[in-house]
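A.B. asks: What follows is a single structure, and I will ask about it in a moment.
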Amino acid sequence: MSLSLDELTRAFLTEQGIPEGSAPTVFKAPAVDADPEAPLVHLDLKDWVNLAKARKSHPEGARFAESYHFLREATERGKVQVVLSGALYMELSMAIPGERHRTDLADVMSEITRFRSLNSRARLLEAQADSVLRQMLGRPAASSHTPVVGHGCYFAFEGRELRTRLSGLSDEVLADYYALRDMPTLLYRAAEMMEWMLLRGVTPEQGAEISGYSTVEVSNMERDRIAREQDFSRLLQESPGLRRKLESVILGRELFAELGNELPRLLTRMGASVDDFVQLSAERIAKFAGGIPVLLVQTALRRQHHANSSREFKSNDLRDIDQMSVAVPCCDIVVTEKHSIDALKRMKLDERLETRFLKSVDQLPAAIQDLRR
């Protein structure tokens, strides 16, 4: 007797080690298109932890139950878009070691976001820099548009969406498979399972079975970036003059680090050259850097850290900066830590980027209602 589609799906979930009741979007209908006026919201990992507790009816989640139910209903109706980011994927994988906790988080995050994600930091940065450069050099606007929101893990890191397809079969067999009545549903469920597994992160057993899989390279990259920040902190301690103009020093450092290698390519693409750029006045180059929201957010958060010479730069600081640099320029509401809010407001980025900051997800229902008025 052949298995039904639901039985086949459950068997595959079991085979992949996905607990019963997890990967909740697999059996749901595809997400509805969001209302064009739906606010974009990004949450800190601590707030996802609180929503996960509310979803599991944990006593510590009681305070956040209203927010959980509000977001689940609002996102299902397309009235709110809660989005992931590449840095949030990374933080879930690297900061939450327990598989059970990552499973609970992946469940609530997938349920509420439906894997909607902000574009990668690199893509957003390039688009913002390109736009400002074209205005300053009098070049026509770019013909292509960089989307802010897309679907899935690949979009969060590469700016492109992946579609689930069958492969390794002859054209005749593929045609027969695609003609099956349940094939669209089967492909959709397979895609949801894949996205959920990417969000949760692989188990140690799964990682051992994947040829070439290793987290060492990512860990080394993060460690190198932290070391550069710590070296910069020491430089500031040895050079008091730099500390007196800290904001402009950090903004220039961000510009060089993020666009130093990309600038010639951007200029060539718009029919300009590096010579055209360097002939701009120092004031206009500073205006260029200050017109790129990703760099402004990174500058605000790094400025706050480096202004406190006694505090060592750590991995959490790096992850916060990476998340905020894409969330703040793109979202209507960002829920994050108080120290990040203070740093961003100090540079008036809440006003300039028209972003509302909240300290806790339990403030979110009221804030969204305010936006609708």
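A.B. asks: Semi-axes of the equivalent ellipsoid of the range 9-155: what are they in whole Å, largest first, if each equals the square root of 5 times a C-alpha gyration tensor eigenvalue? Could the numbers behind the result be given before it?
C.D. replies: Values: eigenvalues 214, 58, 51 Å².
Those come to 33, 17, 16 Å.
A.B. asks: With no solvent and one point on each alpha carbon, what is the Debye value of log10 I(q)/I(0) for the range 10-77 at q = 0.19, 0.21, 0.24, 0.25 Å⁻¹?
C.D. replies: -0.96, -1.06, -1.13, -1.14
A.B. asks: Starting from the 7 Å offset along Cα-to-Cβ, what nm value, one decimal, do you get for the label separation of Val274 and Arg234?
C.D. replies: 2.9
A.B. asks: Taking the chain as the reference, fit the longest principal axis to its C-alpha atoms, fit the long axis of helix 315-330 to the helix C-alpha atoms, and give the angle between the two in degrees, 0 to 90, nearest 10.
C.D. replies: 90
A.B. asks: Can I ask one more? State the antiparallel share, in %, of DSSP beta bridges confined to the chain, rounding to the nearest 5.
C.D. replies: Here the antiparallel bridges make up roughly 25 percent for the chain.
A.B. asks: Choose one of Val361, Leu295, Cys331: the residue whose Cα lies farthest towards the positive end of the charge dipole of the chain (beta-carbon charges +1 Lys, Arg; -1 Asp, Glu; about the Cα centre).
C.D. replies: Of Val361, Leu295, Cys331, it is Leu295.
A.B. asks: Net charge near Asp130: determine it from the other residues with C-beta under 14 Å of the C-beta of Asp130, scoring Lys and Arg +1 and Asp and Glu -1.
C.D. replies: +2
A.B. asks: Which one of Ser4, Leu198, Gly78 has its Cα pushed farthest toward the positive end of the charge dipole of the chain, where Lys and Arg give +1 and Asp and Glu give -1 at the Cβ?
C.D. replies: Gly78
A.B. asks: Express the relative contact order of the chain as a whole percentage, based on alpha carbon pairs under 8 Å and six or more residues apart in sequence.
C.D. replies: Details: 430 pairs, mean separation 79.6, N = 373.
Reported relative contact order: 21 percent.
A.B. asks: Another question, then. Grab the beta carbon distance between Arg284 and Lys28, set R0 = 51 Å, and tell me the FRET efficiency rounded to 0.05.
C.D. replies: 0.50
A.B. asks: I've got another one for you. If R₀ is 56 angstrom, what is the calculated FRET efficiency for the pair Glu7 and Asp342, using the beta carbon separation as r and rounding to 0.05?
C.D. replies: That pair, Glu7 with Asp342, gives E of 0.55.
A.B. asks: Fewest Cβ neighbours within 10 Å first, please rank Leu198, Leu353 accordingly.
C.D. replies: Leu353, Leu198
A.B. asks: Could you order peptides 4-14, 218-228 by the average number of other Cβ atoms within 10 Å of their residues, highest first? Could the numbers behind the result be given before it?
C.D. replies: Details: 4-14: 13.9, 218-228: 12.3.
By packing density, highest mean first, the sequence is 4-14, 218-228.
A.B. asks: A further question on this structure: Compute the acute angle (0 to 90°) between the alpha-carbon long axis of helix 246-259 and the principal axis of greatest extent of the alpha-carbon atoms of the chain; round to the nearest 10°.
C.D. replies: Rounded to the nearest ten degrees, it is 50.
A.B. asks: With +1 assigned to the C-beta of every Lys and Arg and -1 to the C-beta of every Asp and Glu, and no other charges, what is the dipole magnitude of the chain about the Cα centre in debye, to the nearest 20?
C.D. replies: So the dipole magnitude of the chain works out to roughly 1380 debye.
A.B. asks: Kindly give Rg over Rh for the range 241-308, based on alpha-carbon atoms, with the Kirkwood expression for the hydrodynamic radius. Don't jump to the answer; show the numbers that get you there.
C.D. replies: Values: Rg = 13.1 Å, Rh = 12.9 Å.
Rg divided by Rh gives 1.02.
A.B. asks: I've got another one for you. Taking the Cα centre of the range 247-295 as origin and charging only Cβ (+1 Lys, Arg; -1 Asp, Glu), how large is the dipole, in debye to the nearest 20?
C.D. replies: Roughly 100 debye, rounded to the nearest 20.
A.B. asks: Continuing with this model, one more query. Give me Cys331, Cys153 ranked fewest to most by other Cβ atoms within 10 Å of their Cβ, as a rough exposure proxy.
C.D. replies: In increasing order of surrounding Cβ atoms, one gets Cys153, Cys331.
A.B. asks: Between the range 130-166 and the range 312-370, how far is it from one alpha carbon centroid to the other, in angstrom?
C.D. replies: Here the answer is 23 Å between Cα centres.
A.B. asks: Please report the relative contact order for the range 31-144, taking Cα pairs under 8 Å with a sequence separation of at least 6, and give it as a percent rounded to a whole number.
C.D. replies: Result for the range 31-144 is 28 percent.
A.B. asks: Now for a separate question. Above 35 angstrom, tally the Cα pairs of the chain and express them as a % of all pairs, no decimals.
C.D. replies: Beyond 35 Å sits 32 percent of the P(r) for the chain.
A.B. asks: How far is helix 99-113 tilted, in degrees, relative to the longest principal axis of the Cα atoms in the chain, given as a value from 0 to 90 rounded to the nearest 10?
C.D. replies: So the helix axis and the longest Cα principal axis differ by about 80 degrees.
A.B. asks: Right, next: Cross-link candidates for Lys348: which lysines have Cα within less than 23 Å, leaving aside residues fewer than 8 places away along the same chain?
C.D. replies: Counting by Cα, and skipping residues close in sequence, Lys348 has these lysines nearby: Lys245, Lys287, Lys338, Lys359.
A.B. asks: Translational D (Stokes-Einstein, µm²/s) of the range 265-373 at 20 °C and 1.002 mPa s when Rh comes from the Kirkwood sum over C-alpha pairs?
C.D. replies: Values: Rh = 15.9 Å.
Result for D is 135 µm²/s.
Only the coordinates and a few stated rules stand behind these numbers; no lab work does. Every value quoted in this text rests on a predicted model; they were computed, and no experiment measured them. Here the Cβ is made from the backbone with ideal geometry for all residues, glycine too, and neighbour counts use every protein chain on show.
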